[in-house]
Amino acid sequence: MIPSNFDYHRPGSVSEALKQLQDLGDDASLLAGGHSLLPAMKLRLSTPGHLVDIGRIDELRQIGEDGGDVVIGAGSTHHDVESSDLVARQAPLLAQAATVIGDVQVRNAGTVGGSIAHADPAAELPVVAAALDAEMVVHSSRGERSLKPEEFFVTFLTTAMEPDEILAEVRFPFLGPRTGASFQEVSRRHGDYALVAVAATVTLDERGHCQSARVALGGVGGTPVRARAVEQAITGSEPTEAALAEAAQLVKGEIDPATDIHASAEYRGHVASVLVRRALQSAAERARAQ
């Protein structure tokens, strides 16, 4: 398939890109890695008149730390993330998720910002953003604003970003001491979008009891889903296998999976409870090992 005609723009900076978006209006789309937009254009599901390519803007491809956050420039590739010592040390959940995205070609071209802004609820990084309560920092010619996951993700493939805004960076909080993390997913083939994905962290107190937990799922609703009933059920208790298995069953009341050509809603519900249990057990084991 061949996309419809479009004009190509390649700004050299964020400010130049913002000016172009403002001038071009709703007929412009941002291009970063292109792994989501270009297939949609070839299928004529998206027909922008202008492409603004921000994939080569260096200021969007920085990875650093600031005030207890790992700051990922939106133009950073998945390979940049999975190979970063800082990410592995301070945000291991993000590092784990990056390794299962697509294949080597996808991870070398696809970007963190592109994945999160695309807002596919079966994608890995939106789930991690929800689990870690990340902040999406969005720029426009009017200034900048920071959005939490529950504000940023609106519904399937839809975010709260305006047409003239650019996702500039994502801030993931450091994991604290005695905290373990685990990312689990089931997909039809390695590299495919997940049928169900789970991101979890467990923080233990000095007695070895669960001080806090975070659990988020993908592929089970129109946006990433925080399993707050599961989190509450294990907080304050010893994370034994039996306790985690019992808490994991609560996830079925917090999700609304769909039936499609890949899996039934019942199957996704069963897989969700299994993966939540596995993720919590793995995260708790890693927390104990610290």
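Among the residues making up region 181-210, a single one is under 16 Å from Gly221 (Cα atoms) and among the acidic types (Asp, Glu): Glu185. State whether one or more residues within region 103-119 are under 17 Å from Lys148 (Cα atoms), touching a Phe, Trp or Tyr at 6+ places or on another chain (Cβ under 7 Å) and in contact (Cβ under 8 Å) with a residue 60 or more places away in the chain. Looking through region 103-119, at least one residue is under 17 Å from Lys148 (Cα atoms), touching a Phe, Trp or Tyr at 6+ places or on another chain (Cβ under 7 Å) and in contact (Cβ under 8 Å) with a residue 60 or more places away in the chain. Against the list (1) among the hydrophobic types (A, V, I, L, M, F, W, C); (2) buried (at least 18 other Cβ atoms within 10 Å of the Cβ); (3) in contact with an Asp or Glu (Cβ under 9 Å, 6 or more places away or on another chain); (4) in contact (Cβ under 8 Å) with a residue 24 or more places away in the chain, the condition Ala233 fails is (4). Here Thr155, Thr99 are screened, and the one residue that is at pLDDT 95 or above, farther than 27 Å from Ala229 by Cβ, polar (S, T, N, Q) and more than 11 Å from the chain's Cα centre (by Cα) is Thr99.
Among the criteria (1) free of Cβ contacts under 8 Å to residues at least 24 places away in the same chain; (2) at positive phi, the one Ser29 does not fulfil is (2). Residues satisfying the criterion are present in region 190-205 (criterion: within 18 Å of Ala272 (Cα to Cα), out of contact with any Asp or Glu (no Cβ under 6 Å at 6 or more places or on another chain) and free of Cβ contacts under 8 Å to residues at least 60 places away in the same chain).
Here is a yes/no grid of residues against (1) under 26 Å from His79 (Cβ atoms); (2) of a type in the set (Gly, Ala, Ser):
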residue: Asp7; (1), (2): no, no
residue: Gly25; (1), (2): no, yes
residue: Ser46; (1), (2): yes, yes
residue: Asp53; (1), (2): yes, no
residue: Glu65; (1), (2): yes, no
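Quick check on region 256-264. Is at least one of its residues polar (S, T, N, Q) and touching a residue at least 24 places away in the same chain (Cβ under 8 Å)? Within region 256-264, not a single residue is polar (S, T, N, Q) and touching a residue at least 24 places away in the same chain (Cβ under 8 Å). The listed residues are Ala168, Ala200, Ala160, and the only one of them that is of a type in the set (Gly, Ala, Ser), over 25 Å from Ala32 (Cα atoms) and at pLDDT 95 or above turns out to be Ala200.
Among residues of region 158-172 being over 14 Å from the mean Cα position of the chain (by Cα) and either part of a loop (DSSP other than H, G, I, E, B) or not aliphatic (A, V, I, L, M) (or both), the one that is farthest from Glu59 (Cα to Cα) is Ala160.
Among residues of region 59-84 that are assigned by TED's automatic domain parsing to the domain that holds Ser115, those with a Cβ under 6 angstrom from a residue that is among the acidic types (Asp, Glu), sequence gap 6+ or separate chain, pair up as Val71/Glu169; Gly73/Glu169; Ala74/Glu169.
The values are calculated or read from the model by the stated rules, or taken from the named source; none is laboratory data. What you are looking at is a predicted structure, and each value in this text was computed from that prediction instead of being measured. Cβ atoms come from the backbone with ideal geometry, glycine included; neighbour counts cover every protein chain shown.
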